[in-house]
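Presented below is the structure to which this report refers.
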Amino acid sequence: MKIPEVNDLLLKFVDWYDPQYTSADLGKTFQECYDVKTVRPTKEYLEVYDKALARMADWGFEITPYNTGVMYGGYDDPKNYRY
């Protein structure tokens, strides 16, 4: 990605985030976002994650989740992979 493209993307992030900066929800703890025994994300957390990825894709920034197998349940079971 070239610098002008990065700048355009960052401006989109700022335009989206700036109005809610002072009133944004503080978020949740790790224990609320993950099953601490399996270290797998909760359904609610995955929905937030997917929504964020979709927003960035709408802005022209496609992301392939790093370590998809770990993020979605582990390498042992192929049905847990999401592409």
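Values quoted throughout were computed directly from the atomic coordinates according to the rules given, and no laboratory measurement underlies them. Computed from a prediction, not measured in an experiment: that's the story for all the values here. Cβ atoms come from the backbone with ideal geometry, glycine included; neighbour counts cover every protein chain shown.
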Query raised in the report: In a shell of Cβ-Cβ distance under 15 Å around residue 10, excluding residue 10 itself, what net charge do Lys and Arg (+1) and Asp and Glu (-1) give?
Result: -1
Query raised in the report: Could you give the nm distance between label points at residue 15 and residue 33, where each point is 7 Å from its Cα heading toward the beta carbon?
Result: 2.6
Query raised in the report: What is the sum of charges around residue 1, taking Lys and Arg as +1, Asp and Glu as -1, for the other residues whose C-beta is under 14 Å from the C-beta of residue 1?
Result: -1
Query - Extended-chain gain in nm, criterion 0.36 nm per residue less alpha-carbon gap, residue 1 and residue 25 - result: 5.5 nm
